[in-house]
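K.L.:
Sharing a structure here in structure tokens format.
The values are calculated or read from the model by the stated rules, or taken from the named source; none is laboratory data. As the structure is a computational prediction, the values presented were derived from the model and not from experiment. Cβ placement follows ideal geometry from the backbone for every residue including glycine, while neighbour counts extend to all protein chains displayed.
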Amino acid sequence: MGAARALATAAERVLPRVPPDWQGPISEVVGTIAYLAAPRGRAAVRANLAMIDPKRSLSARRVFVNQVRQYLEVFHIPRLDRARFDAIVRVEGWDHFLCAQRLGKGVIFGSAHLGPVALVGQVLMHRGYTLTLPAEKTDSELMQAVNRARQAQGLVLVPMDSALGIHRVIRDGGVLGILADRAVTGIGVRVEFFGRTALLPSAHVALALRTGAALVPAFTWRENGLLLSSPRPWSGTSKSIPSSGPCFSRCGTNRRDELLEQHE
């Protein structure tokens, strides 16, 4: 067994057993060590944060801490206590999703790497729905372990390049989740993001236009120990979606800007 596989196996065996109350303190310690040990990563994070607001001093260390916590939360999914999860989650705008789902043409959730994004799907699945996510192919043992953990409570992953698999979800009236802040394929539209031009994916917009699926943005963040999901409708059918992909992506970017400014 190679070192990478041994590390992934250890993570799958040990991390799910970490009590939720320990995740914060462990993240502080491990994240701070990672921050101190990675000068290049530290510089890259600081450069990114400077784009958000050059006049403010945003904590690069917190980025490392939050990344560690994200991994702890992902690996805890197999042992997630549904009763406890429901007790600490407040969902805003759930009726928007229900209205979109009742249209019967499928629902596309557009989200971003904001807050405890790994748990967005759990909010949906704990309410009796199945969420499908397009996922990048990976040879990394650790990322394969991460994907197994993500699927432990019923999340379905399909290859990102499987157009048929993705289209089938919408055709069958299912729910598709898209992280719409990274154009991993290099294809998308350029929109203004914190005063600069950024390339964002537009496939979710094109899919909604072609299929008539409802496109609903949903974001999560932490507030006083609570996880919040806030789905809000942008459209009911393809006719009400702006005909321009750049227009829709710009709307989504503005919404992310607002959330980031509120929860810095």
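K.L.:
Quick check on the stretch 157-176: of everything there that is surrounded by 12 or more Cβ atoms within 10 Å (Cβ to Cβ) and in a loop (DSSP other than H, G, I, E, B), which residue is nearest to the chain's Cα centre (by Cα)?
P.N.:
160
K.L.:
Does at least one position in the stretch 65-79 carry a residue that is over 17 Å from the mean Cα position of the chain (by Cα) and surrounded by fewer than 17 Cβ atoms within 10 Å (Cβ to Cβ)?
P.N.:
yes
K.L.:
If you don't mind, another one. Scan the stretch 134-153 and tell me whether some residue there is in contact with a Ser or Thr (Cβ under 9 Å, 6 or more places away or on another chain), hydrophobic (A, V, I, L, M, F, W, C) and assigned by TED's automatic domain parsing to the domain that holds residue 208.
P.N.:
Yes: one or more hits.
Matching residues to (1) touching a residue at least 60 places away in the same chain (Cβ under 8 Å); (2) outside any loop (DSSP other than H, G, I, E, B); (3) over 15 Å from residue 163 (Cβ atoms):
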{"residue": "178", "(1), (2), (3)": "yes, yes, no"}
{"residue": "182", "(1), (2), (3)": "yes, no, yes"}
{"residue": "187", "(1), (2), (3)": "no, no, no"}
{"residue": "192", "(1), (2), (3)": "yes, yes, yes"}
{"residue": "198", "(1), (2), (3)": "no, yes, yes"}
{"residue": "205", "(1), (2), (3)": "no, yes, yes"}
{"residue": "210", "(1), (2), (3)": "no, yes, no"}
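K.L.:
Among the residues of the stretch 133-164, what is the count of those that are over 20 Å from residue 79 (Cα atoms) and either in contact with a Lys or Arg (Cβ under 8 Å, 6 or more places away or on another chain) or touching a residue at least 12 places away in the same chain (Cβ under 8 Å) (or both)?
P.N.:
Counting residues in the stretch 133-164 that are over 20 Å from residue 79 (Cα atoms) and either in contact with a Lys or Arg (Cβ under 8 Å, 6 or more places away or on another chain) or touching a residue at least 12 places away in the same chain (Cβ under 8 Å) (or both) gives 12.
K.L.:
Among the listed residues 190, 182, 250, identify the single one that is at pLDDT below 90, crowded, with 17+ Cβ neighbours inside 10 Å, over 21 Å from residue 124 (Cα atoms) and not polar (S, T, N, Q).
P.N.:
250
K.L.:
Can I ask one more? Taking residue 91 as meeting all but one of (1) under 30 Å from residue 211 (Cβ atoms); (2) within 15 Å of the chain's Cα centre (by Cα); (3) of a type outside the set (Lys, Arg); (4) crowded, with 18+ Cβ neighbours inside 10 Å, write down the number of the exception.
P.N.:
Of the numbered conditions (1) under 30 Å from residue 211 (Cβ atoms); (2) within 15 Å of the chain's Cα centre (by Cα); (3) of a type outside the set (Lys, Arg); (4) crowded, with 18+ Cβ neighbours inside 10 Å, the odd one out for residue 91 is (2).
K.L.:
Would you pick out the residues in the stretch 56-77 that are in a helix (DSSP H, G or I) and in contact with an Asp or Glu (Cβ under 8 Å, 6 or more places away or on another chain)?
P.N.:
If the condition is that a residue be in a helix (DSSP H, G or I) and in contact with an Asp or Glu (Cβ under 8 Å, 6 or more places away or on another chain), then 65, 75 are the ones that fit.
K.L.:
When you scan the stretch 19-32, how many residues do you find that are more than 21 Å from the chain's Cα centre (by Cα) and surrounded by 15 or more Cβ atoms within 10 Å (Cβ to Cβ)?
P.N.:
Of the residues in that region, 4 qualify.
K.L.:
Could you pull out the residue among 89, 68, 74 that is of a type in the set (A, V, I, L, M, F, W, C), in the same structural domain as residue 145 (by TED's automatic domain parsing), in contact (Cβ under 8 Å) with a residue 40 or more places away in the chain and closer than 20 Å to residue 115 by Cα?
P.N.:
Testing whether each residue is of a type in the set (A, V, I, L, M, F, W, C), in the same structural domain as residue 145 (by TED's automatic domain parsing), in contact (Cβ under 8 Å) with a residue 40 or more places away in the chain and closer than 20 Å to residue 115 by Cα leaves just 89.
K.L.:
Identify the residue in the stretch 34-59 that is under 20 Å from the mean Cα position of the chain (by Cα) and of a type in the set (A, V, I, L, M) and, among all such residues, is nearest to residue 11 (Cα to Cα).
P.N.:
45
K.L.:
Quick one: would you say residue 23 is in a helix (DSSP H, G or I), in contact (Cβ under 8 Å) with a residue 12 or more places away in the chain and either touching a Leu at 6+ places or on another chain (Cβ under 9 Å) or in the same structural domain as residue 198 (by TED's automatic domain parsing) (or both)?
P.N.:
yes
K.L.:
Now a separate question. Are there any pairs, at least 6 apart or on different chains, whose C-beta atoms fall under 7 Å, with the first in the stretch 49-64 and more than 25 Å from residue 30 (Cα to Cα) and the second in a loop (DSSP other than H, G, I, E, B), and if so, which?
P.N.:
As it stands, the answer is 51/194; 52/58; 52/194, since those pairs meet every condition given.
K.L.:
Of all residues in the stretch 26-55, which are outside any loop (DSSP other than H, G, I, E, B) and not hydrophobic (A, V, I, L, M, F, W, C)?
P.N.:
Hits for the stretch 26-55 are 27, 28, 31, 32, 35, 39, 40, 41, 42, 46, 48.
K.L.:
Then there is this: Being crowded, with 16+ Cβ neighbours inside 10 Å, in contact with a His (Cβ under 8 Å, 6 or more places away or on another chain) and farther than 30 Å from residue 6 by Cβ, is that true of even one residue in the stretch 218-228?
P.N.:
Within the stretch 218-228 (the criterion being crowded, with 16+ Cβ neighbours inside 10 Å, in contact with a His (Cβ under 8 Å, 6 or more places away or on another chain) and farther than 30 Å from residue 6 by Cβ), the answer is yes, since at least one residue qualifies.
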